[in-house]
Each structure stands twice: as C-alpha cells, then as structure tokens.
Amino acid sequence: MTKGLWELVLQGVWTTVQLLVLSALLATAVSFVVGVARTHRLWIVRFVAGFYTEVFRGTSALVMIFWVFFVLPPAFGWQLVPMWAGTLALGLTYGAYGSEIVRGALNAVDPAQREGGIALSFTPWQRMRLIMLPQAVPEMIPSFCNLLIELLKGTALVSVMGMGDLAFSGNLVRLALQESAEIYTYVLLIYFVIAFALTRLMRGLEKRLKRGVGKDLLNEAGAREAKRAETTGVGAAGGGVA
Amino acid sequence: MSVDTAKNPEPPTNPGPDGSPGSGTTELIRLENVTKRFGDHTVLDGLDFSVDTGKHVTLIGPSGSGKTTILRMLMTLTRPDEGTITVDGERLFPAPPKQVREIRKKIGMVFQQFNLFPNMTVLRNITEAPVTVLGMSRDEAEARARELLELVGLADKCDARPSQLSGGQQQRVAIARALAMRPQVLLLDEVTSALDPELVAGVLDLLRDIARSTDITMLCVTHEMGFARDISDQVLMFDSGRVVEAGSPEKIFGDPEQERTREFLGAVL
Amino acid sequence: MKWDWGAVRDFMPHFWDGLLVTLQALALGSLISFALGLVWALLMRTPSRWVRWPVGAVTEFVRDTPLLVQLFFLFYVLPEWGLTFSALTTGVFAIGLHYSTYTMQVYRAGIEAVPAGQWEAATALNLPWRRTWTAVILPQAVRRVVPALGNYVISMLKDTPLLMAITVLEMLGQARLFSQQHFQFTEPLTVIGVAFILVSYLASLLLRALERRLVR
C-alpha cells in the first residue's frame with residue numbers, strides 16, 4: 001500500500017472517530033431524556049417515550065440512515081450535511097437502546113432511596129438528580145460500554161451513503177489496488193483497536209464512578225472469585241475429575 | 001423384596017493400618033493421611049480410616065468438619081491435596097480415567113439436594129445410567145427401575161417429572177437411581193437435610209430397610225442421630241478435619257470417651 | 001410533504017420479493033448462528049487453553065468489528081481465494097458467523113446456570129462425557145437460552161439490510177432499486193421502515209409468548 005492510500009485510510013479513521021463521538025453524545029442525551037421520561041409519573045409522558053423506544057428499536061439502523069438521507073430532505077425541504085445526517089440517524093437509533101439501559105438502572109435503585117428523598121421533601125427533579133442518578137449511573141456503565149461498541153460498528157453503515165469513513169476508505173483502496181484481503185484486514189484491525197481502547201476507557205470510568213458512590217470494586221471482584229472457586233471443582237474441565 | 005448388589009468375586013484382603021493381617025473381614029475403602037485444603041482452611045487433616053465390606057459407617061460432627069468432603073472424594077467430585085484413597089484395592093488419585101470409571105461403578109451416591117435430572121421423567125432418571133454406562137437393554141433397565149420404584153413406594157410415579165414430586169419423593173427416586181447401578185457402596189450425604197420435617201421419617205425408614213435387607217456397604221453423613229444409632233456398625237465423630245472418636249453406636253451414643261463428642265451430642269440430642 | 005399511493009402500489013410486488021429474501025436470510029443466518037455459537041461455547045470449555053485462547057480471541061475480534069466490513073471481506077476476498085458463492089450465501093454466512101459470537105455468550109450463561117449438582121449427579125452415575133452433555137446439561141441449558149437467542153434473531157432481522165451492500169435484493173435493496181428507477185424515495189423507504197417495525201414487534205410478541213410457555 002502506498003503512502004497516499006494510507007492517508008486515505010487515516011482520513012477515514014478521523015471521520016469515523018468524529019461520527020462516533022458526535023453520535024455517542026446525541027445517543028447519550030436521548031438515552032437519559034427518554035429513559036428518565038419512561039419513569040415519569042404522567043402516563044402520557046411514559047407513553048410517548050415508550051412509543052419512541054419501540055419505534056426506533058424496531059427499525060433497522062441502516063433503513064433509518066436511508067430515511068434521514070433520502071426522505072427527510074425532500075419532505076422537509078432541508079438538506080443535512082452527511083456528518084449531521086449520520087449523527088442524527090445513529091444517535092436517535094442507539095439512543096433508543098440506551099434509554100432502556102437508563103430505565104432499567106433507575107428501576108433497579110432501591111425504592112427506599114426514593115422514599116428517603118420524599119421524606120426529606122426533595123422535589124421530583126431533585127430526587128432524580130441528587131439521589132437516583134448518582135446511584136444508577138455507575139450501574140449503567142457496562143451496558144453503555146457494550147452499546148458504544150455497537151455504535152462504533154454502526155458508524156460503518158454511513159459508508160453505504162458514500163460518506164468517507166473508515167469502511168468507505170477501505171472500499172476506495174480496494175478499487176485502487178484491485179486487491180481486497182490486505183486492506184480489509186487492516187480496516188477490521190483498526191476497528192478492533194478502537195473498540196479495545198473504548199472498552200478500557202469505559203472500565204476506567206466505571207471504577208471511578210463506583211468509588212464515588214462507595215462501592216468497592218475490589219471486594220466485589222473478590223467475592224465473585226471466591227464464588228467461582230466454589231463451583232469450578234466440577235464441570236470446568238468438561239465433567240468431573242477424571 | 002431385596003435389592004441385589006454386585007457381589008465381589010474375590011475381595012482382596014488387605015492388612016490393617018498397623019500392618020497386622022486383616023481380622024477376617026475385607027476392607028473396601030481406605031483413606032490414608034488424606035488432607036484437603038480450601039485456600040487457607042484445612043478441611044481434612046491427615047485423615048486415616050477404613051470401611052469394611054458390608055459395614056454401615058456413619059460420620060457425625062459439626063457442620064464444616066469435612067464429613068461431606070470425604071464422600072465427595074470417594075465419588076471423585078473433589079481431589080485430596082495429599083494422601084491416598086483406595087477402593088476395593090484400587091487406588092484413586094491419581095488413576096487412569098478408565099480405572100476411575102471402574103471404581104465409580106462400584107459406588108453410588110445420594111445427595112442432599114437430590115440432583116435429579118429435571119429434564120427427564122422419573123423412570124428415565126433411573127434407567128439413564130444403567131443403559132448408557134452398564135450397557136443394559138432398555139427393557140431390562142425399565143423392568144428393574146419399576147422394581148426399585150416399588151421398593152421406594154413410588155411405583156405410580158414412573159412418568160412424572162421430578163418437579164411434580166415432593167422433596168421426600170424426589171429423594172426416594174434419587175435413592176432408587178443410585179441403587180439401579182448395583183453399587184457395592186452407597187454414599188449418603190445428609191440426605192434428609194433439605195427435606196421438610198414431616199417427610200424425613202419416610203426416607204429414613206426406607207434407608208433402614210435397605211440397610212437391613214441388603215449387604216450393601218453404607219457410608220453416611222447425617223445429623224439424624226436416631227437413624228445413625230439404628231443402622232450403624234461404626235460411628236465416627238469428626239471435628240476440624242480429624243476423627244475425634246470412633247466406635248460402636250452404643251459406645252459413642254451411650255458412653256463417649258472424648259469431651260468433644262459429649263459436647264456435640266449434648267448440643268444435638 | 002407529498003405522498004403518492006400509486007408509488008406504494010407499484011412498489012408492493014418488489015416489497016414482497018424483498019421480504020421473502022429477508023426472511024430467508026434471517027432463517028438461515030439464525031440457524032448458522034445457533035449451531036456455530038454452540039460450537040464456540042463448547043470449545044471455550046475444553047481444558048486446553050491452546051483451544052480456548054484462539055477461539056476466545058477470534059470470536060472477540062468478530063464481535064467487536066463491523067458486520068458490514070466483514071461482509072465486504074467475505075464478498076471480495078473469498079473469490080480471490082478461488083471460493084465463489086452467491087451474494088446471498090456469503091451474506092447469510094457472514095450474519096450467521098457474526099451473531100454466533102453473541103449466541104456463544106448466551107449458551108455460556110445457559111450452561112453456567114445449570115446447577116453444579118447436575119454435573120455431580122452425572123459424575124456419580126458415571127455417565128460418559130458425551131452423554132452428560134447431550135442428555136443432562138444441554139437440554140437444561142437450551143430451555144434457559146431460548147429468550148436470549150430470540151432477542152438476537154430480532155437483532156439479526158434488523159441487520160439483514162446490510163446484505164444490500166453486497167448486491168443482495170432484500171427489502172432495503174428492493175426499495176433502493178425502485179427508488180433509483182422511479183425517483184421516488186419517500187414511499188418505498190417508508191414502507192420498508194414500517195415493515196421492519198411491524199415484523200420485529202410481532203416477533204417480540206411471539207417471543208414473549210414462547211418465554212411464558214417455557215418458564216411455566
């Protein structure tokens with residue numbers, strides 16, 4: 001591969017990273033707004049939020065991208081820059097998945113905590129901000145980490161629309177070289193490295209947040225390890241000692 | 001009705017632990033210097049004892065004193081860290097897989113939590129091993145399973161699933177399942193601990209029956225002292241991974257020598 | 001915004017063709033992912049780490065990289081190696097392979113959820129290794145994994161449009177072809193968008209019913 005082609009790939013990486021960051025921000029915002037709305041006391045708010053989740057989870061991300069690129073412009077009379085169209089489609093779709101994570105984590109907070117907040121006569125918003133979210137957020141991180149990897153994989157979809165991301169640059173190099181094994185191997189490896197870095201990042205974040213609410217990761221890991229030791233006597237090696 | 005166990009054609013006569021010739025009986029199970037640790041915790045500490053063919057031996061003692069671990073080792077569910085275990089003159093740990101399988105065929109085990117296979121009917125639970133391990137024909141295995149179910153008083157439950165049975169019924173099926181392999185030794189691991197109190201007596205009566213009417217060797221861990229007194233030829237009192245005292249049930253329950261034994265029996269009786 | 005029912009009418013025959021291909025790809029992809037995922041899960045339980053380590057690394061790699069690029073890889077590289085398959089076959093295999101790295105985790109959880117006592121009983125009865133797996137462990141694990149596998153089938157449904165990128169005419173491919181020929185984008189894309197929502201909603205209802213039956 002020539003230097004010029006590598007530059008093409010690097011440009012693709014840059015586009016992918018930009019798209020990933022922007023759509024992750026949008027998806028996070030959507031996740032929290034919709035997720036919190038799904039625990040709202042008014043049924044109509046819950047219903048609208050639930051409807052949003054069902055629709056956007058039900059549809060395919062690629063179909064959504066097509067829709068944003070082709071149907072929105074003529075229908076509403078405005079044309080989006082590809083980067084924003086991609087961000088919108090990915091952010092709205094993955095935000096719907098994220099809202100389920102947020103809702104689940106909020107529901108998993110001990111109800112006594114909410115009652116404690118009521119007893120201290122906090123407003124609902126204060127309860128959410130001061131009591132519920134600080135406890136729920138650390139629990140969400142592992143799921144959000146998985147979702148972030150899914151989103152990274154999802155960014156490749158914009159290449160179908162001709163946007164110059166990493167997957168698209170791979171296609172260009174293939175056309176230039178008339179040879180595909182090498183370039184696609186590199187492209188896959190780059191995606192994998194990004195995914196690996198993201199996983200590390202999220203793990204560090206989880207550790208910091210958990211320390212913030214007084215949960216000792218070390219103890220939890222220790223307990224898990226001890227539990228495993230109890231049960232691996234049998235079965236781990238495929239059935240018994242012999 | 002009797003349960004026939006596989007007869008050992010020529011039982012090996014082993015010398016006693018002190019090197020003296022065996023005193024007329026044949027030794028089936030022997031543990032020498034067996035030690036087992038879980039992390040820093042020593043569960044069994046240089047344990048020696050043996051069980052003669054046809055004898056009923058009961059292990060008593062406080063929870064966590066390593067009684068269950070002995071049964072699990074004999075069933076090859078756990079390995080000792082040190083020491084040797086021999087069954088019928090053949091050594092376990094280390095042993096080639098084939099030999100381990102041969103030794104396991106001589107041993108049956110009944111668990112505290114029954115461990116019936118929930119995806120199989122009662123009949124299938126009992127016939128599965130005779131068919132796949134002993135190579136028995138399905139008809140023969142089923143006929144035998146029905147006999148055993150009659151013995152344990154559940155002849156009408158052939159086609160039930162374990163989940164449809166009470167705990168006591170499940171445990172009786174588990175006993176039938178163990179006996180279906182015609183073992184020489186039956187290991188009973190706190191078989192009534194998981195049962196509701198009113199179901200305990202039925203299972204214990206069944207085991208008394210089996211102990212009386214067969215020549216099967218039994219090794220039980222139990223907290224039912226009355227049962228231990230009834231069926232045992234020998235009782236071993238365990239504490240902290242060691243045998244504190246061994247003797248006939250009359251001796252252990254009537255006139256124990258050790259303070260620790262008296263203390264324990266005082267607490268449970 | 002103007003909506004042309006005529007365009008919808010014209011598109012419908014193509015829509016049904018596309019739906020058929022989508023469902024075909026989904027059914028075959030699911031089967032491959034169920035089978036292959038089980039193979040990975042079992043290999044991950046072998047005592048030798050010379051098996052576990054490569055299987056773990058390869059499946060993690062496949063799971064963490066985009067299905068779309070994997071599709072390109074198989075579609076363009078396999079012919080270079082002298083292996084030619086139809087686009088649909090390649091696509092079905094790629095989806096099945098990709099999702100097998102998810103189903104393997106489902107199986108693993110299902111196998112680990114079988115109580116230790118079941119293994120112990122199988123050992124105590126001296127059941128051979130194979131029989132322990134096929135008669136005792138797997139039948140119990142499979143019951144537990146059905147709901148989770150079903151969720152991945154729904155995810156797979158939503159990933160079938162990617163096959164369009166390697167020329168397969170599934171629903172999205174049909175919609176794009178029609179759009180390009182008639183310069184009408186709104187109607188076909190909206191029709192298939194609604195179709196995806198409907199099909200995945202129906203599938204999730206079906207799954208919930210199945211779950212209730214299995215739990216009982």
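Details
- Hits in segment C:24-57 - residues which are among the β-branched types (V, I, T) and either in contact with a Phe, Trp or Tyr (Cβ under 9 Å, 6 or more places away or on another chain) or under 19 Å from C:F85 (Cβ atoms) (or both): C:I32, C:V55
- Segment C:142-199: number of residues that are basic (K, R), within 11 Å of chain A (Cβ to nearest Cβ) and within 19 Å of the chain's Cα centre (by Cα): 1
- Residue in segment C:106-121 that is within 11 Å of another protein chain (Cβ to nearest Cβ), part of a helix (DSSP H, G or I), more than 22 Å from B:M73 (Cα to Cα) and under 19 Å from the mean Cα position of the chain (by Cα) present: no
- Flag for A:T199 being modelled with pLDDT of 85 or more, facing another protein chain (nearest Cβ under 10 Å) and surrounded by fewer than 22 Cβ atoms within 10 Å (Cβ to Cβ): yes
- For segment B:220-228, the count of residues that are among the acidic types (D, E), closer than 24 Å to B:G61 by Cβ and more than 14 Å from the chain's Cα centre (by Cα) is at least one.
- With respect to (1) crowded, with 21+ Cβ neighbours inside 10 Å; (2) under 20 Å from the mean Cα position of the chain (by Cα), the lone exception for C:F11 is condition (2).
- Spans of helices (runs of 4 or more DSSP H) in segment A:93-183 with at least 2 residues at the interface with chain C (Cβ under 10 Å from one of its Cβ atoms) and of a type outside the set (D, E): A:133-155, A:166-177
- Lone qualifier among A:V55, A:V34, A:V68 - being of a type in the set (A, V, I, L, M), under 15 Å from the mean Cα position of the chain (by Cα) and modelled with pLDDT of 85 or more: A:V34
- Listed conditions (1) buried (at least 16 other Cβ atoms within 10 Å of the Cβ); (2) away from every other protein chain (no Cβ under 12 Å); (3) closer than 28 Å to B:K67 by Cβ; (4) of a type outside the set (G, A, S) are all met by B:V185, apart from (2).
- If you filter segment C:115-134 down to residues that are surrounded by fewer than 20 Cβ atoms within 10 Å (Cβ to Cβ) and among the hydrophobic types (A, V, I, L, M, F, W, C), you find that the one that is nearest to B:T132 (Cα to Cα) is C:W129.
- Note on segment B:202-234: residues that are closer than 20 Å to B:D255 by Cβ and of a type outside the set (A, V, I, L, M, F, W, C) amount to 6.
- Scan segment C:37-82 for residues that are over 22 Å from the mean Cα position of the chain (by Cα), part of a loop (DSSP other than H, G, I, E, B) and within 12 Å of chain A (Cβ to nearest Cβ) and the total you get is 5.
- When the residues of segment B:106-119 are filtered to those that are over 18 Å from B:V191 (Cβ atoms) and under 24 Å from the mean Cα position of the chain (by Cα), the one that is surrounded by the fewest Cβ atoms within 10 Å (Cβ to Cβ) is B:P118.
- Some residue of segment A:21-32 being out of contact with any Gly (no Cβ under 9 Å at 6 or more places or on another chain) and assigned to a helix (DSSP H, G or I): yes
- Number of positions in segment B:228-245 that are in contact (Cβ under 8 Å) with a residue 24 or more places away in the chain and either of a type in the set (A, V, I, L, M, F, W, C) or part of a helix (DSSP H, G or I) (or both): 9
- Sub-6 Å Cβ pairs linking a first residue in segment C:69-91 that is free of Cβ contacts under 8 Å to residues at least 12 places away in the same chain to a second residue that is surrounded by fewer than 16 Cβ atoms within 10 Å (Cβ to Cβ) and small (G, A, S), at least 6 apart or interchain, are C:V77/A:A181, ordered by first then second residue.
The values are calculated or read from the model by the stated rules, or taken from the named source; none is laboratory data. This structure is a prediction, so every number in the text was calculated from the model and none was measured. No Cβ is skipped: glycine too gets one built from the backbone with ideal geometry, and neighbour counts run over all protein chains shown.
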